[in-house]
Amino acid sequence: MMLEEIMRERSVVICCGAGGVGKTTTAAALALGAAERGRRACVVTIDPARRLADALGLEELGNLPTKVDGPWPGELWALMLDTKGTFDDLIRRYAATPNQAARILQNRVYKNISAAMSGTQEYMAAEKLLELHSDGNFDIVVVDTPPSRNALEFLDAPGRLTRLLENRFFRLLVTPARGYMRALSIGLRAFLRTVASVVGTDVVEDTVAFFQAFGGMEEGFRRRASQVQALLADPATCFVLVTAPRRNELVEGRWFVDRLNQMGLKVEAVVINRSHPRFLPPGSPLLARRAQLPAELAPLLDNLAELEMMAAQEDAIVAEILREASYLVAKVPMFESDIHDLEGVAAVAVALSKPEIEGA
């Protein structure tokens with residue numbers, strides 16, 4: 001399958017890779033390419049930096065999709081994840097009453113969890129992906145994930161949430177208030193008293209109040225987590241590894257692919273960003289005829305020889321890393337300047353639709 005077909009046919013595309021290899025630009029280009037093919041596309045970034053907004057020529061991005069105007073038959077939308085806003089929306093959705101939602105949203109423990117707890121951002125990103133995919137407004141959703149190791153947290157977040165909800169201690173804490181003290185064991189009461197002596201009684205009381213207020217909502221969260229896991233494993237979902245033609249990035253990419261395989265997920269395509277182009281056809285005798293050319297052409301020929309050598313070294317590294325697996329590999333050339341506008345993103349989309357090599 002070519003990346004051209006991915007832009008035309010897939011409903012979810014997840015761009016992964018190390019930091020600084022061009023995932024944001026690649027994700028934007030894949031979404032723009034889908035819009036050029038008449039599809040309603042939305043690109044989502046989990047990164048709070050402005051890179052996606054800058055690349056699309058937007059002043060700002062929020063938690064709701066913003067339309068990007070352009071000369072394409074489809075639609076291009078973009079958003080930047082607001083972790084707390086997404087979490088607040090989930091609380092309102094699964095609370096049995098507005099009063100229950102208000103008690104949770106105003107709880108100090110919840111405010112800390114929704115804003116800063118490790119893993120919250122990754123789960124909310126997965127939740128936002130499911131929301132955008134399920135609401136029927138878009139034909140394709142492209143996700144720009146954090147660097148590789150954080151991306152794994154994003155992919156594993158639904159499973160971690162499910163494990164938390166099934167934890168015996170968690171179920172005990174969300175026991176309805178009337179039976180709560182009866183359910184607490186002597187050991188747990190002693191533990192809470194010890195915690196209170198360290199962090200303060202107010203913190204413990206807020207924590208208990210949060211879990212009690214959460215009671216009855218866990219089934220909704222568990223169901224959504226299961227739906228996210230199913231979406232990630234769906235054949236309509238495609239994982240694209242974005243990397244650079246340097247050994248460190250490619251080794252990191254191969255490690256990430258192995259971890260995905262362990263999770264039962266598979267990378268189908270690899271994008272090699274900022275590749276040096278090949279200017280000569282294979283076996284060209286031009287460089288060997290340097291002595292026969294006019295002297296004023298010698299510096300140009302030396303420069304050409306250096307570029308060819310760099311491109312050959314990059315190809316060798318890519319071939320070595322990909323030798324043991326079969327991926328479609330699209331090479332995006334190194335442009336004269338960084339991509340910072342729609343014209344540049346469109347140029348990347350063109351490169352992505354014309355893959356040069358296929359791993360064997």
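The values are calculated or read from the model by the stated rules, or taken from the named source; none is laboratory data. The structure presented is a predicted model; accordingly, all values stated were derived computationally and were not measured. Because the Cβ atoms are built from the backbone with ideal geometry, glycine has one as well, and the counts that use them run over all protein chains shown. Note: accessible area is taken over every heavy atom of the protein model, side chains too, but ligands, DNA and RNA are not part of it. Shrake-Rupley method; radii C 1.70, N 1.55, O 1.52, S 1.80 Å.
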(Q) Suppose the filter is aromatic (Phe, Trp, Tyr) and either closer than 30 Å to residue 110 by Cβ or at pLDDT below 80 (or both); does residue 214 pass it? (A) yes
**Q.** The listed residue being over 16 Å from residue 241 (Cβ atoms) and modelled with pLDDT of 75 or more, out of 260, 352, 280
**A.** 280
Q) Picking from 279, 335, 256, which residue would you name as being more than 23 Å from the chain's Cα centre (by Cα) and closer than 25 Å to residue 14 by Cβ? A) 335
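Conditions (1) at pLDDT 90 or above; (2) under 20 Å from residue 134 (Cβ atoms), marked per residue:
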position	(1), (2)
8	yes, no
17	no, no
31	yes, yes
52	no, no
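Conditions tested, residue by residue: (1) open to solvent by less than 40 Å² (accessible area, probe 1.4 Å); (2) at positive phi; (3) part of a helix (DSSP H, G or I).
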position: 235; (1), (2), (3): no, no, no
position: 250; (1), (2), (3): yes, no, yes
position: 278; (1), (2), (3): no, no, no
position: 309; (1), (2), (3): no, no, yes
position: 314; (1), (2), (3): yes, no, yes
Q. Of all the residues that make up the range 252-269, how many are open to solvent by 70 Å² or more (accessible area, probe 1.4 Å) and without any contact (Cβ under 8 Å) to a residue 60 or more places away in the chain?
A. 4
